[in-house]
Structure formats: structure tokens, C-alpha cells
Amino acid sequence: MSKWKSALLAGAMLIVPAQAFAAPNKEAPVVVFEPSQTKPETIPETEYNSEAAMADAKAKMQKEIDEAIKLVEKIFGTDKLPPVAPAQLALAQTTTTALIPPGSLEKMLDNLYGKLFKGLLGEFGGMSDVMLSIKTGVDSEKIATLDEKSKTAIADLFDPYRKQREDQLMTVVKPLISEALTDLEGPMRSGLAHAYARKFSAAQLGEMNAFFATPTGKAYSAEWMALQADPEVMLAMIKAVPPLVGKFIDRGPEIEGKFKALPKEKQLTDMSDAELAKLAKLMKVDVKTLKENRDAWNSPPVEDAVEASEDWGAADAAADAAAADVAEAAAAAADAAGEAIDDPAFDRENWSAADRARVEQLEEAASSAASAAYDAQEAAIANARKKKPSGK
């Protein structure tokens with residue numbers, strides 16, 4: 001990844017959904033101009049930087065974001081919320097305007113820009129031990145023993161214009177991110193205003209607005225968002241991570257045990273013919289298709305089955321025929337039931353306890369018969385193999 005894209009990505013990841021970066025899998029070639037170079041005459045159009053390719057990338061990103069919006073609306077039910085009363089919303093908008101004054105997001109990011117952004121540039125620009133190890137092939141532990149002056153000299157050998165390039169990145173990327181953050185403030189205020197209008201009463205919003213109008217309130221509202229990215233706050237959060245992870249690790253066996261206590265999920269191969277018939281009706285597919293798929297997983301290799309079938313006896317053939325009859329009967333019953341699936345009489349909740357018990361007993365018997373037939377078939381195959389080995 002080019003260095004300017006790395007820096008841009010680092011900044012943009014703070015303000016847009018991660019899905020936006022998942023779609024493109026090709027990097028656009030970047031032209032880097034040394035300080036001595038003049039303005040380029042033309043940049044050849046390629047499949048990567050053509051207007052069509054850019055439009056396609058934007059369309060894909062918009063599609064993914066639209067899907068994410070639908071998912072969030074479905075999970076939280078925000079599309080079903082009643083409208084907010086205009087007077088209540090106006091109070092909340094006053095509140096959120098105080099909480100997110102112009103430049104708030106940029107001020108928050110400025111708490112990180114210095115050390116974080118410079119640090120990222122150092123990582124991607126070749127100053128880190130790992131990057132120097134990759135470029136030279138020398139073990140990173142050995143590079144770690146070098147002093148900063150030596151590392152800087154090594155990085156300068158690979159890129160004499162590194163410092164100028166980093167300064168250029170700060171000049172180009174930071175204003176772009178600042179512009180994006182300014183654009184983001186409006187939607188953020190709007191969303192927060194609706195949330196506040198639903199969460200707080202008119203009286204509570206009025207008290208908040210009165211507080212934010214005082215000198216102390218103005219000082220607080222001007223700084224509260226930037227303080228979320230204060231280095232001391234972030235450092236405290238980072239320090240809290242190992243104990244949290246350790247808690248999950250310590251409780252791993254307990255959690256795993258609770259999951260093991262639950263029955264395993266069924267596979268197609270675990271289903272009886274009666275269950276397959278029910279599944280076929282729900283999926284609106286032919287039960288024969290599901291049975292073939294199930295039996296394909298359970299069946300031995302074709303050549304072994306063919307050789308074994310040659311020596312099956314009359315009893316084995318009868319067992320196979322019985323299995324086929326049970327499957328056909330189950331399928332026929334499912335088809336018959338499906339013809340009147342909308343009839344309330346077919347709803348088992350409307351049956352008497354005696355009728356329901358009788359049907360369930362017969363279904364269980366049919367399932368057992370199908371399983372027994374299958375077991376007999378497997379035994380027949382095993383017996384045939386003993387008489388006529390496959391030769392493998």
C-alpha cells in the first residue's frame with residue numbers, strides 16, 4: 001500500500017464505516033513527485049483511475065452502506081419509530097448545537113493528530129523496526145538494538161525525500177479529513193437531536209440548554225467531545241484491555257462447557273425420512289432431492305457400493321425395498337398434508353390430545369422403521385464386502 005493511501009486510510013477509518021474499505025481490492029497507482037520535479041504534464045488514464053472505475057467504486061460503496069443502514073434499521077427498529085414533535089425536536093437541536101459546535105470533531109481528532117498521525121507515518125514510512133526488517137532482511141530484534149540516529153539514516157538511504165513526503169502528506173491529507181469532519185457534523189447533530197428529543201423531556205432539555213448558556217456550560221460543551229480522544233483517556237482504556245481479555249480467557253472452560261451442554265445442531269444426514277418430508281414441504285422442494293443429498297453424504301464410494309450390491313441376498317434386497325417404501329409413504333403423506341396446509345383442520349393445535357398422540361406415535365414408528373431399514377442396508381453392504389473384498 002502506498003504511503004499516502006496508508007495515511008488517508010488511517011484518517012478516514014475514524015469517520016466512515018469499515019464496509020466502505022472492504023469493496024475495492026485493487027490499489028490505484030500513485031505518482032510521487034520529488035521536490036526537484038516540475039508539475040506533470042499528464043497522467044495516463046488506466047482501468048484503476050478512469051472515471052468509470054471511480055464511479056463503479058463509489059456505487060459499490062454506496063450499495064454496501066445502504067445495506068448496512070437497512071441492517072441497523074432492522075436490528076434497532078428505527079424505521080418504525082414515531083415522528084418527534086417539532087417543539088421537542090427544536091429544544092433538542094439547541095442542545096446538540098451546544099454539544100457539537102462547529103469544529104468539534106476536528107478538535108477531537110487534533111488530540112490524536114500529532115503523535116498518532118506522526119507515528120503512523122513512521123510505521124508506513126519505513127522508520128519502524130518491522131519495516132526496516134522487511135526492507136533489509138535483517139532480524140527486527142537486531143534492528144531494535146540500533147539507536148534512532150542509525151535508523152533514521154537507514155530509512156533516508158531508502159527514501160532521501162522521506163521528510164518532505166511526510167510533510168506533504170500532512171499538508172494534503174489533514175485538510176481533506178478536516179473537510180470531511182465538517183461535513184459529518186451536521187448529520188451527527190441531527191441524529192443526536194432526535195435521540196435527545198426521545199430520551200429527555202422538554203423540561204430536562206430546557207435545563208440543559210440553560211446550563212450550556214452559562215460560561216461553565218459553554219466551556220464544558222466546547223471540550224467534552226475532544227476529551228473523549230484525550231491521550232490520558234485513551235491510555236486508560238488501553239490499559240484496561242488486558243484484564244478484560246484475561247477475564248474471558250479465565251472463564252473460557254466454563255463458557256465452553258455451557259455451550260457443550262446444548263444438543264448439537266442437526267445435519268441433513270441426521271434427518272429421518274419423515275423429517276425430510278417436513279423439510280421439503282417447508283422449503284417447497286421435492287423430497288426426493290433432499291433424500292438424494294442426504295444419502296449421498298451417507299453412501300460409500302460408488303465403486304465400493306457397486307461391488308457390494310452384486311452379492312446382496314434376498315433379505316438385504318427386501319430391507320432396501322422396505323426403506324424405499326417408507327420413504328415413498330412419508331413423501332406421499334407430506335404431499336397430501338401440504339395440499340390443505342392452509343386448512344385449520346391440519347393445524348395440530350386444533351387436534352384432540354388422543355389424535356395428536358396417535359399421529360406422533362405413528363410418525364416415530366415410521367422414522368424408526370426408516371432408520372432400521374438404513375441400518376439393515378449398511379449391514380448388507382458390510383456383509384457383501386466380506387464376501388467380495390473391494391481389492392483396495
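The values are calculated or read from the model by the stated rules, or taken from the named source; none is laboratory data. Remember, it's a predicted structure, so these values are computed and weren't measured experimentally. Note that each Cβ is placed from the backbone with ideal geometry, even for glycine, and that neighbours are counted across all protein chains shown.
Conditions tested, residue by residue: (1) modelled with pLDDT of 85 or more; (2) part of a loop (DSSP other than H, G, I, E, B); (3) surrounded by 11 or more Cβ atoms within 10 Å (Cβ to Cβ).
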{"position": "32", "(1), (2), (3)": "no, yes, yes"}
{"position": "36", "(1), (2), (3)": "no, yes, no"}
{"position": "43", "(1), (2), (3)": "no, yes, no"}
{"position": "63", "(1), (2), (3)": "yes, no, yes"}
{"position": "96", "(1), (2), (3)": "yes, no, yes"}
| said: Which count do you get for residues in segment 250-286 that are part of a helix (DSSP H, G or I) and without any contact (Cβ under 8 Å) to a residue 60 or more places away in the chain? | reply: 20
| field | Considering residues of segment 349-392 that are part of a loop (DSSP other than H, G, I, E, B) and at pLDDT 75 or above only, the residue farthest from residue 269 (Cα to Cα) | value | 352
| Can you tell me which of 138, 173 is over 30 Å from residue 84 (Cα atoms), in contact (Cβ under 8 Å) with a residue 60 or more places away in the chain and surrounded by 12 or more Cβ atoms within 10 Å (Cβ to Cβ)? | 173
| field | Options 240, 226, 236, 219; residue that is surrounded by fewer than 12 Cβ atoms within 10 Å (Cβ to Cβ) and either closer than 21 Å to residue 185 by Cβ or touching a residue at least 60 places away in the same chain (Cβ under 8 Å) (or both) | value | 219
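Here is a check on your reading of the model: is residue 148 within 30 Å of residue 109 (Cβ to Cβ) and acidic (Asp, Glu)?
Yes: the conditions hold for residue 148.
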